[in-house]
1. Which of the residues belonging to the stretch 242-267 are of a type in the set (Ser, Thr, Tyr) and either more than 36 Å from the chain's Cα centre (by Cα) or over 20 Å from Ser489 (Cβ atoms) (or both)?
2. Identify, by number, the condition in (1) of a type in the set (D, E, K, R); (2) closer than 30 Å to Ala438 by Cα; (3) open to solvent by 10 Å² or more (accessible area, probe 1.4 Å) that Lys332 doesn't meet.
3. Can you tell me which residue in the stretch 101-133 is surrounded by the fewest Cβ atoms within 10 Å (Cβ to Cβ), limited to those that are under 21 Å from Gln84 (Cα atoms) and of a type in the set (Ser, Thr, Tyr)?
4. Determine whether Ile239 is within 25 Å of Val443 (Cα to Cα), at pLDDT below 90 and surrounded by fewer than 21 Cβ atoms within 10 Å (Cβ to Cβ).
5. Kindly establish whether Leu391 is in a helix (DSSP H, G or I) and in contact with a Pro (Cβ under 8 Å, 6 or more places away or on another chain).
6. Just to check your reading of the model, which residue among Gly168, Gly143 is assigned to a helix (DSSP H, G or I) and either touching a Cys at 6+ places or on another chain (Cβ under 7 Å) or open to solvent by less than 10 Å² (accessible area, probe 1.4 Å) (or both)?
7. Among the residues of the stretch 475-501, count how many are in a helix (DSSP H, G or I) and either without any contact (Cβ under 8 Å) to a residue 24 or more places away in the chain or open to solvent by 20 Å² or more (accessible area, probe 1.4 Å) (or both).
8. Out of Tyr153, Tyr189, Tyr158, I need the residue that is open to solvent by 20 Å² or more (accessible area, probe 1.4 Å), within 23 Å of Glu464 (Cβ to Cβ) and either over 16 Å from the mean Cα position of the chain (by Cα) or charged (D, E, K, R) (or both). Which one?
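The values are calculated or read from the model by the stated rules, or taken from the named source; none is laboratory data. Note that the structure is a prediction, hence the values are computed from the model and not measured. Please note: Cβ atoms are built from the backbone with ideal geometry, for glycine as well, and neighbour counts cover all protein chains shown. Ligands, DNA and RNA are excluded from the accessible area calculation, which covers all protein heavy atoms including side chains. Shrake-Rupley method; radii C 1.70, N 1.55, O 1.52, S 1.80 Å.
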Amino acid sequence: MEAVPPLYRVAGAAGPQGDEDRLGVPDGPGGPLDELVGAYPNYNEEEERRYYRRKRLGVLKNVLAASAGGMLTYAVYLGLLQMQLILHYDETYREVKYGNMGLPDIDSKMLMGINVTPIAALLYTPVLIRFFGTKWMMFLAVGIYALFVSTNYWERYYTLVPSAVALGMAIVPLWASMGNYITRMAQKYYEYSHYKEQDDQGPQKRPPRGSHAPYLLVFQVIFYSFFHLSFACAQLPMIYFLNHYLYDLNHTLYNVQSCGTNSQGILSGFNKTVLKTLPRSRNLIVVESVLMAVAFLAMLLVLGLCGAAYRPTEEIDLRSVGWGNIFQLPFKHVRDFRLRHLVPFFIYSGFEVLFACTGLTLGYGVCSVGLERLAHLLVAYSLGASAASLLGLLGLWLPRSVPLVAGAGVHLLLTLSLFFWAPTPRVLRHIWILYVAAVLWGVGSALNKTGLSTLLGILYEDKERQDFVFTIYHWWQAVAIFTVYLGSSLPMKAKLAVLLLTLVAAAASYLWMEQKLRRGVVPRQPRIPRPQHKVRGYRYLEEDNSDESDAEGERGDGVEEEAPPAGPRPGPEPAGLCRRPCPYEQALGGDGPEEQ
């Protein structure tokens, strides 16, 4: 009787079906197991090292491009707004150029649109960032700034006011996405620098808490060094163009009686005519065209040189938690005592930058030494802040509270000094005091901004929370700027008193938060819902669960898993098919898109 071949093959034995299985690997006890569970067949350690070095250089390129784009954007905005307000303030310019068009009324409504509209930003900023993505939100916001520049070619109510409202809507989304972007770049740089540790720990093991903090600190220092240079770049139209048309201080300050701590409002008694000759329209068009070109260059930097902040699957996961949840989560983060303690610092951060641009430079500087020295005072503030941003690197060796407290201390001493100083109008012998005060105020601003952004990136490492946290930070800044706008007519003593009280409250509240954290008080964070994917593609069947948030992965918060379907379970796949390739192997094998 002829032998019947067995229905099932015996493991480890070569049967009559052939010497190879369905994967094309020889069977039997001598089969090359390394072909299945070993390294990638084309693995080259030197190539892998060069691959991750290129990735790290790409991250540095992203940080520099985002920093330069933000600097150019803000420089164009500040420079144009400053030149526009000075020209429109001169009554001769208004009458000759625009007649009875009501330019002061248009300017007041334009400033209202810029300062009031961001109050509603908490309602839409997280939704816009999740819908467009971090990089594209940055690009669209920079484009809105460029739109504001373009409307100054034809200065009318229906061009200036709507563009100012649109710009006000873009302020908080731009800076929230910028802060989120720099934090994500620091986390990615850590991943690319410690890729071997990531492979050893496995794809599901997250990096240790605070591991990206040194890179975050360096990247925030780079970003704010560029950003504070925007105040100096914004003065270039003033220095090289508008200063040639201005009257000297003896004319503009003729009716000014008091300055500094004795002043009331903004430049009370300032002359209504500040231009000795009117600039030609052709020259104004040339200056505005240069500003428009710089704004367009900022758009190209963000579009062409800034890579994605998240992988495509991560972007889908961030959107898939539900738009209602995305809308509610910024409000739910109020439960976290860390954010509640930092709110006074957020408010003071908005107060101090507006005081530098209006109270210090106008109430103390222009009021006593003339409008022609406004640009030089702001350049001194800008260079001092940009250079002092490097002091943030001391956080690599000192406790993280030192930069914030040091910046608050510098501002506290300056505020107390300004409280008792009233410079004499039209007297230049004290001008060196103004420059020293501007530089020192820039030092405090740099330590404040760098310390706050770094602290938020360290306290909130979860990628699911960063856009919410930075939205809250910049929204409170916008609220503070709106408050300064409402109180612009207050006496200088009242402004300094509010600034001083806010600073003391901010420093005390922050130190109280650090004390709570040292005692081991656990913050109450709102739970991030799991993404609900309408289509279950192959991306969501991987062993690495992209639906799980950082907090859920660490605490194991007891979320119920879906029950497995009834019926027999499929047999195990070979180990080689279940192993998730590292990004270097994906790049070699083309296993999906890799972020820039």
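1. Let us first name the residues in the stretch 242-267 that are of a type in the set (Ser, Thr, Tyr), namely 245, 247, 252, 254, 258, 261, 263.
Tyr245, Tyr247, Thr252, Tyr254, Ser258, listed by residue number.
2. (2)
3. Taking the stretch 101-133 as the starting set, the residues that turn out to be under 21 Å from Gln84 (Cα atoms) are 101-117.
Filter once more, so that each one left must be of a type in the set (Ser, Thr, Tyr): 108, 117.
Details: Ser108: 12, Thr117: 20.
Here the answer is Ser108.
4. Details: within 25 Å of Val443 (Cα to Cα): yes; at pLDDT below 90: no; surrounded by fewer than 21 Cβ atoms within 10 Å (Cβ to Cβ): yes.
Against the criterion (within 25 Å of Val443 (Cα to Cα), at pLDDT below 90 and surrounded by fewer than 21 Cβ atoms within 10 Å (Cβ to Cβ)), Ile239 does not qualify.
5. On the way: in a helix (DSSP H, G or I): yes; in contact with a Pro (Cβ under 8 Å, 6 or more places away or on another chain): yes.
The answer is yes for Leu391.
6. On inspection, the qualifying residue turns out to be Gly168.
7. At the first step, the residues of the stretch 475-501 found to be in a helix (DSSP H, G or I) are 475-486, 492-501.
Filter once more, so that each one left must be either without any contact (Cβ under 8 Å) to a residue 24 or more places away in the chain or open to solvent by 20 Å² or more (accessible area, probe 1.4 Å) (or both): 475-477, 479, 481-486, 493-495, 497-498, 500-501.
Summing the residues that are in a helix (DSSP H, G or I) and either without any contact (Cβ under 8 Å) to a residue 24 or more places away in the chain or open to solvent by 20 Å² or more (accessible area, probe 1.4 Å) (or both) in the stretch 475-501 gives 17.
8. Working: Tyr153 fails: within 23 Å of Glu464 (Cβ to Cβ); Tyr158 fails: within 23 Å of Glu464 (Cβ to Cβ).
Exactly one residue qualifies, and that residue is Tyr189.
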